[in-house]
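Down below is the structure, laid out as C-alpha cells.
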Amino acid sequence: MPISDEDLARAKSISVEQVGLLRATRGATNDTLEGLPEAALRRAVRRIDYPDLPRARAEFRFLQQADDDGRVPPDALATAAQQRALMVATSARRTAAGVPVALPAASPGAATAGLEHATWEWIGPGNIGGRTRGIVVAPADPTRMWAASAGGGVWRTDDGGGSWAPVDDFLGNLACTCLAMDPTDASVLYAGTGEGFLNADAIRGAGIFMTTDGTNWAQLPSTTGTDFHFVNRIAVSPAGDVLLAATGTGIFRSSDAARAVWSQVHGVPTGDVRFDPQDGSRAVAGALGVGEAWYSRDGGTTWTAAGHGPWSGRVELAYAAADHGTVYASVEATSGQIWRSIDSGETYEQRKTLDATGAPAPYLGDQGWYGNSIWAADPADAGHVVVGGIELWRSRDGGDTLAEISTWWASPASAHADNHVILGHPAYGAGNEIIFVGNDGGVYRGDLASVGSEAQPPYTTGWTELENNYGVTQFYGAAGNPTTGRIVGGAQDNGSLCYDPAAGIENWTTFFGGDGGWCAAEPGDPGVFYGEYVFLNIHRNTDGGTTDDTTGDRYISGQFWNPATNDWDWKPVPFQIPDAQSRSALFIAPFVLDPNNADRLLAGGLRLWRTADAKTPNTPTSGPSWTSIKPSAGSEISAIAVVLGNPDTIWVGHRNGMVFRTTNGTSATPTWQRVGATGAAGLTPQRYCTCITVDPADPNTVYVGFGGYQSDNVWVTRNGGTDWAPPSSMLPQAPVRAVAVHPRRSDHVYLGTEVGLFASDDAAATWSPTNEGPANCSVDDLIWLGETLVAVTHGRGMFRIDLSAV
C-alpha cells in the first residue's frame, strides 16, 4: 500500500507541506521519497527552503572591495598581488609572530620547508568543493586533468580526480573562470581570470595566465589592462596559432607565439567563444547578456551577427562533433531555450526544448545568466545534446525533447547544482560515454550510458563526485570549540559545515543549507554552535554540528514554517529580529556570542539586536527574545566586538565606515558614541568596516579593519578610541578582512587580507607575508582554538597553525 503524505512526513521528520512541495517541484512520488537516505531528503528540502542568490553574493563582495568613492580601481587585485610578491621576494625574515615567511634570497612564492618553525596545515574540506567554471583533460592521458575554481585558482589531478593539488597558490589572481588547452601541445594551457558572468560588481581578474609544461604558470603581461578584468572564455585554434578571449568588453585576438600582442576584434561583452575544432577559419561567439551570437570566417578577425529569432540574456554555444556545420545555442531567455544552426552558426532555428510532459524544460531556472552550459561532442550523434543550469538535462533529438539526468539535492550521489562547464572524455565514443561537469559543488564525472536511467528523481546512477581534496570551498566565517577541536564554517552555496578532527578532512558534514555566513561556538558546551543563512537568519545547532538542522531548532531569529499558509512565516515580536524579516541587514550579516555570557547573542542589521536567552527552546510562537539596543545610523552594521572581561563595552562598525562604542552595553538602552569622527587623530576611512578586534590583554587597544583597495585598511587605537592611526607598514593595497591578536602575546598580530595572511611581532608596526598555507587567497576570518590560529579562506578552505610555542 502506498505511503501517505502524513506517514512520510512523520517518518522523515519533515512537514506534510514539504512533502507536497517536493512532489510538485521535483516530480518525485512518496515511494521514491521514502527510499531516500535522510541526508539526501534534507538536501531536497533545503533546495526549496533556501534558494540560491548568486547575484546578491556578488554585490556583497563588491561592497567589501569598493573604495571611499564606491568604485574598485582598475587592476586593483593584480596590483595588490604584485605588492605582496615584492614583500615576499625582499623579506629578510624567516618567521614573524611564529608564522613562516620568506628567506632573504627567496623568489616570490618560495617555501621555507625544513626550517625550525611552526607550519600551516590544511584541514579541508576535502569532500566539499566549490564553484568550478573550467575543466580540461590531457588527450594522451585522461587521468591528468585541470580544473579552474572561482576563488581557489587552478588545480590538477594525475589520477582521474582521485586526488587534487593546486598548481600554484601564488598566481597573481585566484579567481580563475576558464581553461583552454592547445590542441597541438597538451602541455600548453591558458587560464582566464575574473568572473564576468554575474554583473558589473563581480570580482575582477588579472588577465590570462599560461603554462608551457602544465605545472608552472605565469601571467601574460599583455593581458593586465582593464580589457582583461573579466576573461570569460578562451578558445585556441585547431593549429594552436590563434588565441581568442571572450571578455567583459568584447573579443580579443592574438596570433603571435608569445601572446604579446592582442587586438580587439569585437566590441560587445562576450561570454563564450569557440573555434570549429576542424577548421581554424571558423568560429562562433555568444553574448554575455544582450541575447546575440556572432560568427567569423577569417579565424576570428572579423565578426558578423547571426540570424535568429527573439533572444535575450546570455548565450552559450557548442559545435556538434559529429557535424561541425551544426552549432547549438543555449539561450538564457525565460528558463532556457535550445536553438540550432546547420550552417556553422550563421542562422539559428528554435528547437522545442520540451520535457517529457510537453511542457518547457526549465533547465536554466531563473538564473541562466549565472549557470549556463551546453555540450554536443558525441562523435557519432549530432542530435545528442547535454545542457546544464540548475540541473543537467539531455536531448537525443537535437533539443526538441529533454530529460533530466541529475538531481542536485541528492549530491554527492548526483551532480551538484549550478552547472558551468560540460566536457567530454578525450576518448568519448562507443563504450566510453564519460563526461566531466564543473559546478558550484566542484567536479563530477557522469556516464551518459546510464545517467537518468531511473524512472523518476533522484537521478543518481552513473554519477561520481571527484572532490577528493579539491580544496576550493569559499568560506565567509567560522567558529570553533577549543575542547573538541570541532570547527564550523559558513560557506558560499554549500551551507554551514562542520569539521571534526576525529573524522578528518574528507568527512566534513553539513548541518544547515543554503549560503552559510558568520558562526559562533559556545566555549563551555561543545554541543552548541550557531550559524546563519543570508540576511541575518540565525540558526542554532545543539549536537556539535553532527546532524543536519533541516528540522528542529532551526532559526532562532524568528522565521518558521507555517503549515496554515504552506510558506515561511515570522514569529511575533519579541521572538524575531525585525531587520531579518525586512532584509534590512547585509547579505552576510554579523552576529557574535558574548564571550562573557553564553546566553547572550548580539546581531547586526540596521540596528543592533540582543538576546539574553539564546538557548531557550524554539516553538512556532516563541523562542529567544530580541531587543534593539542600538538605533539605526543609516548604514548596515558590518562588524561587532564585545570586550572579554567587560560585557558593557561593545564596539560596532558599519558598512559606510562609521564606528561606535558603548560602555554600558548590558543596560536596557545603552548609550552609544561615534569614535574617530573628529580630531586630528581620527578614523578617516569611509568604506566597509570589515572587522573589529580588541586585544584580549588590553581592552584599550582595538584594531579596526576596512575594505577597499587602499593602503590604510587597518587602524589601531591604544587609548580606547580617542586617538587612531593606521599602523606603519608596507601592506599591499587590498581589503583587510580579519585581525587576530595572540591570546598571550599582544605584540603578535595577524591579518587576513584579500591577498593572503600577514603577521607582525611588533604590535603592527611592521608586517610580513606568509609564504605557506593560505598563500595568495582571500582570508575572510581568523579564529583561535586555544593558541592554534585558524585561517578561514574564501576559496581554499581552512588552514591552521599551532602558535603555542611563540
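The values are calculated or read from the model by the stated rules, or taken from the named source; none is laboratory data. Predicted model, so just to flag it, every value in this text is computed and none were measured. Methodologically, a virtual Cβ is constructed for each residue, glycine included, from the backbone with ideal geometry; neighbour enumeration extends over all protein chains shown. Surface accessibility is based on the protein's heavy atoms, side chains included, excluding ligands, DNA and RNA. Shrake-Rupley method; radii C 1.70, N 1.55, O 1.52, S 1.80 Å.
Tell me, how many Å apart are the Cα centres for the range 229-291 and for the range 568-639?
That distance is 49 Å.
Starting from the Cα-Cα distance between Thr621 and Asp159, subtract it from 0.36 nm times their residue separation and give me the gain in nm to one decimal. Mind showing how you got there, number by number?
On the way: separation 462, 0.36 × 462 = 166.32 nm, distance 5.38 nm.
Difference between extended and current length: 160.9 nm.
With a 1.4 Å probe and all protein chains left in place, how much accessible area per residue does the chain have, in Å²? Don't skip to the answer; put the middle values down first.
Numbers: 26250 Å² over 806 residues.
With the other protein chains kept in place, the chain gives 33 Å² per residue.
Considering the dipole of the range 252-353 built from charges on the beta carbon (Lys and Arg +1, Asp and Glu -1) around the Cα centre, which of Val290, Thr302, Tyr348 is farthest to its positive end?
The Cα lying farthest towards the positive end belongs to Val290.
Please compute one quarter of the surface area of the Cα convex hull for the range 668-806 and express it in square nanometres. Show your work: numbers first, answer last.
Values: hull surface 36.6 nm².
Projected over every direction and averaged, the Cα hull of the range 668-806 covers 9.1 nm².
From the residues Gly240, Trp262, Ser281, which one has its Cα farthest along the dipole of the range 239-281 in the positive direction, the dipole being from +1 and -1 charges on Cβ of Lys/Arg and Asp/Glu about the Cα centre?
Trp262
Report the net charge of residues surrounding Gly291, where surrounding means a beta-carbon distance below 14 angstrom and charges are Lys +1, Arg +1, Asp -1, Glu -1.
Details: positive: Arg314; negative: Asp272, Glu292, Glu316, Glu332.
Once all neighbours under 14 Å are counted, the net charge is -3.
Multiply the residue separation of Asp747 and Glu506 by 0.36 nm, subtract the distance between their alpha-carbon atoms, and state the gained length in nm to one decimal. Show your work: numbers first, answer last.
Numbers: separation 241, 0.36 × 241 = 86.76 nm, distance 3.58 nm.
Residue separation times 0.36 nm, minus the Cα-Cα distance, leaves 83.2 nm.
In the chain, what percent of the accessible surface is made up of carbon and sulfur (1.4 Å probe, ligands and nucleic acids excluded)? Each step should come with its number before you reach the end.
Values: 13420 of 26250 Å².
About 51 percent, which is the carbon plus sulfur part of the accessible surface.
Zone of Asn646 (label point 7 Å along Cα→Cβ, backbone N under 19 Å): which residues in the range 594-629?
594-597, by backbone N distance to the label point.
How long are the semi-axes of the equivalent ellipsoid of the chain, defined as square roots of 5 times the Cα gyration tensor eigenvalues? Whole Å, largest first.
Working: eigenvalues 362, 220, 105 Å².
Equivalent ellipsoid of the chain: 43, 33, 23 Å, largest first.
Taking 7 Å along the Cα-to-C-beta vector as the label spot, tell me the Asn719-Asp279 distance in nanometres, rounded to one decimal.
Taking the two extended label points, one gets 7.8 nm.
With only Lys, Arg, Asp and Glu charged, each at its Cβ (+1 for the first two, -1 for the last two), find how big the charge dipole of the chain is about the Cα centre; round to the nearest 20 debye.
Details: 53 positive and 87 negative charges, 325 e Å.
With only Lys, Arg, Asp and Glu charged at Cβ, the dipole is about 1560 debye.
What three numbers, in Å, describe the spread of the alpha carbons of the range 147-281 along their principal axes, ordered from the longest?
41, 37, 23
If you take the alpha carbon radius of gyration of the range 436-535 and divide it by 2.2 N^0.38 Å, what ratio comes out, to two decimals?
Numbers: Rg = 16.3 Å, N = 100, 2.2 N^0.38 = 12.7 Å.
After normalising by residue count via 2.2 N^0.38 Å, the value is 1.29.
In degrees from 0 to 90, rounded to the nearest 10, what is the angle of the helix 76-89 Cα long axis to the longest principal axis of the chain?
So the helix axis and the longest Cα principal axis differ by about 70 degrees.
Please work out the ratio of the alpha-carbon Rg of the range 440-491 to 2.2 N^0.38 Å and round it to two decimals.
Against the empirical 2.2 N^0.38 Å value, I get 1.71 for the range 440-491.
If R0 is 25 Å, what FRET efficiency do you get for Val261 and Arg297 from their C-beta distance, rounded to 0.05?
Result of the calculation: an efficiency of 0.65.
Please work out the Cα center distance from the range 741-759 to the range 297-327, rounded to the nearest Å.
A separation of 51 Å, based on Cα centres.
Taking K and R as +1 and D and E as -1, what net charge do the other residues with C-beta under 14 Å from the C-beta of Glu636 add up to? Mind dumping the intermediate values first?
On the way: positive: Arg583, Arg607, Lys630, Arg655, Arg687; negative: Glu59, Asp579.
Net local charge, Glu636 excluded: +3.
Explain nothing, just the number: dipole magnitude of the range 360-428 about its Cα centre with +1 on each Lys and Arg Cβ and -1 on each Asp and Glu Cβ, in debye rounded to the nearest 20.
Values: 2 positive and 8 negative charges, 25 e Å.
Value, rounded to 20: 120 debye.
Under 4 °C and 1.567 mPa s, how fast does the range 472-607 diffuse according to Stokes-Einstein, given a Kirkwood radius computed over C-alpha pairs? Answer in µm²/s, whole number. List each step's numbers first, then the result.
Details: Rh = 15.0 Å.
It comes out at roughly 86 µm²/s.
Where Lys and Arg each count +1 and Asp and Glu each count -1, what net charge lies around Gly162 among other residues with Cβ under 13 Å from its Cβ? Spell out each step's value before the answer.
Working: positive: Arg144, Arg156, Arg445; negative: Asp158, Asp159, Glu465, Glu467, Glu506.
So the surrounding residues net to -2.
What size of dipole, in debye to the nearest 20, comes out for the range 222-294 about its Cα centre when the only charges are +1 on Lys and Arg C-beta atoms and -1 on Asp and Glu C-beta atoms? Provide the component values of the computation, followed by the final result.
Numbers: 5 positive and 7 negative charges, 16 e Å.
The dipole of the range 222-294 has a size of about 80 debye.
Between Gly490, Trp155, Ala765, whose Cα lies farthest towards the positive end of the dipole of the chain when Lys and Arg beta carbons carry +1 and Asp and Glu beta carbons carry -1, centred on the Cα centre?
Of the listed residues, the answer is Ala765.
The range 141-192 to the range 457-489: how many Å between their Cα centroids?
So the two Cα centres are separated by 21 Å.
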